[in-house]
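Quick notes on the structure that follows.
The values are calculated or read from the model by the stated rules, or taken from the named source; none is laboratory data. All values reported here derive from a predicted model rather than from experimental measurement. Note: ideal-geometry Cβ built from the backbone for every residue, glycine included; neighbour counts use all protein chains shown. Quick note on the areas: whole protein, heavy atoms, side chains included, nothing else; ligands and nucleic acids left out. Shrake-Rupley method; radii C 1.70, N 1.55, O 1.52, S 1.80 Å.
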Amino acid sequence: MATKKVEIIVQPKPPHFVGDGFRVHNFIPSGFRLDMKRMDPFIMLDYNSKFHFSGTDTPRGVGVHPHRGFETVTIAYKGRVEHGDSAGGGGIIGEGDVQWMTAASGVLHKEFHETEWAKEGGIFQMVQLWVNLPAKDKMSPPKYQAIKNSEMKNVDLGENGFIEVIAGDYNGEKGPASTFSPVNLMNAKLKKGGKADFSFPAGFNTAALVIEGSVVVNGGEKVPTDHLVLFGNEGENFTFEATEDSIVLVISGEPLNEPIFPHGPFVMNSREEIIQAFDDYNNGKFGYLED
Ligand code: MN
């Protein structure tokens, strides 16, 4: 087994707002290196680094909008969000929780700060990741998985800290999320000086986002807070050593290697399928959701 080398360390781009509730740095697809193909099946990664929202009686967020062809995965680190969709999925997630929304054939959904949290306001920190679906599953029924922190697989690393497995597995210990293709998603929660070893197939597209603290990768380069490390596709193994108490989101997935045809909130395999998505949306086939 060979070492998976660091390909590039990506610094956060200047943030922009999604709706009025998510102040995000976009990492995927960001043009240079990290286009939709490079991290296939992860086609979008927006990161709301720690940001303070003042209290309000009108929760901030994103109003009703459609999706088709992929999954939206929201990982909450600070703050609380409420989600609702036209397929009946919905719920509130808070610190440490994940919502895994399979849009597949199409949903309308809305994403807002949870009402009570919004009243108080506070520090907000989240990741939204879009996981592409294989062509054969793009038109399957929508689905919603709420994954509470307590339901995740905790892999104890003793004094080093622990790994919280959301999807896929860490050394054979499986996370609770069901996925359509091989996807590994986990938080490494390491103590200062704590180490963790990872191993994923060489061909899997692999990256890690430092949410808190900083880590040294493979005994070499240091990845600071809010930076992403992209790994090369040769070799399987890499290590983190935390230089302070740290949280790192690790993503690794088998590429689907299918054509990617994105347009706004739809990600399909061809132009024809995108036109069909707009037709279906305009004809009310995504259902109904109140504002
Ligand atoms: Mn959305």
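Return the pairs, sorted by first residue and then second, in which the second residue is away from the ligand (no atom under 14 Å from the Cβ) and open to solvent by 30 Å² or more (accessible area, probe 1.4 Å), the first residue lies in segment 70-88 and is closer than 16 Å to residue 286 by Cβ, the beta carbons are less than 7 Å apart, and the residues are 6+ apart or on different chains.
86/287; 86/288; 87/287
What residue, among those in segment 128-177 that are among the aromatic types (Phe, Trp, Tyr) and over 23 Å from residue 67 (Cβ atoms), is most open to solvent (accessible area, probe 1.4 Å)?
162
Take residue 105 and tell me if it is among the small types (Gly, Ala, Ser), surrounded by fewer than 21 Cβ atoms within 10 Å (Cβ to Cβ) and within 16 Å of the ligand (Cβ to nearest atom).
Considered against the rule, which asks whether it is among the small types (Gly, Ala, Ser), surrounded by fewer than 21 Cβ atoms within 10 Å (Cβ to Cβ) and within 16 Å of the ligand (Cβ to nearest atom), residue 105 comes out as yes.
Pick from 78, 4: which is among the basic types (Lys, Arg) and open to solvent by less than 50 Å² (accessible area, probe 1.4 Å)?
Sole residue among the options that is among the basic types (Lys, Arg) and open to solvent by less than 50 Å² (accessible area, probe 1.4 Å): 4.
Would you pick out the residues in segment 108-138 that are part of a strand (DSSP E or B), within 16 Å of the ligand (Cβ to nearest atom) and not basic (Lys, Arg)?
Of everything in segment 108-138, those that are part of a strand (DSSP E or B), within 16 Å of the ligand (Cβ to nearest atom) and not basic (Lys, Arg) turn out to be 108, 109, 111, 112, 113, 126, 127, 128, 129, 130, 131, 132.
In segment 167-209, what residues are farther than 24 Å from residue 148 by Cβ and under 13 Å from the mean Cα position of the chain (by Cα)?
Correct list: 206, 207.
Tell me the residue from 83, 65 that is buried (at least 19 other Cβ atoms within 10 Å of the Cβ), over 30 Å from residue 8 (Cα atoms) and within 16 Å of the ligand (Cβ to nearest atom), please.
83
Need the failing condition index for residue 90 against (1) open to solvent by 20 Å² or more (accessible area, probe 1.4 Å); (2) under 16 Å from the mean Cα position of the chain (by Cα), just the number.
(2)
Please find, among 143, 189, the residue that is within 16 Å of the ligand (Cβ to nearest atom), among the basic types (Lys, Arg) and at negative phi.
143
Name the strands (runs of 3 or more DSSP E) wholly within segment 165-243 that hold at least 2 residues that are in contact with a Pro (Cβ under 8 Å, 6 or more places away or on another chain) and modelled with pLDDT of 95 or more? Please lay out each step first, then the result.
Numbers: elements: 183-190, 195-199, 205-212, 215-217, 221-223, 228-231, 237-242.
So the answer is 205-212.
Residues of segment 29-62 being open to solvent by less than 10 Å² (accessible area, probe 1.4 Å) and part of a loop (DSSP other than H, G, I, E, B), which ones?
34, 39, 40, 41 - these are the residues of segment 29-62 that are open to solvent by less than 10 Å² (accessible area, probe 1.4 Å) and part of a loop (DSSP other than H, G, I, E, B).
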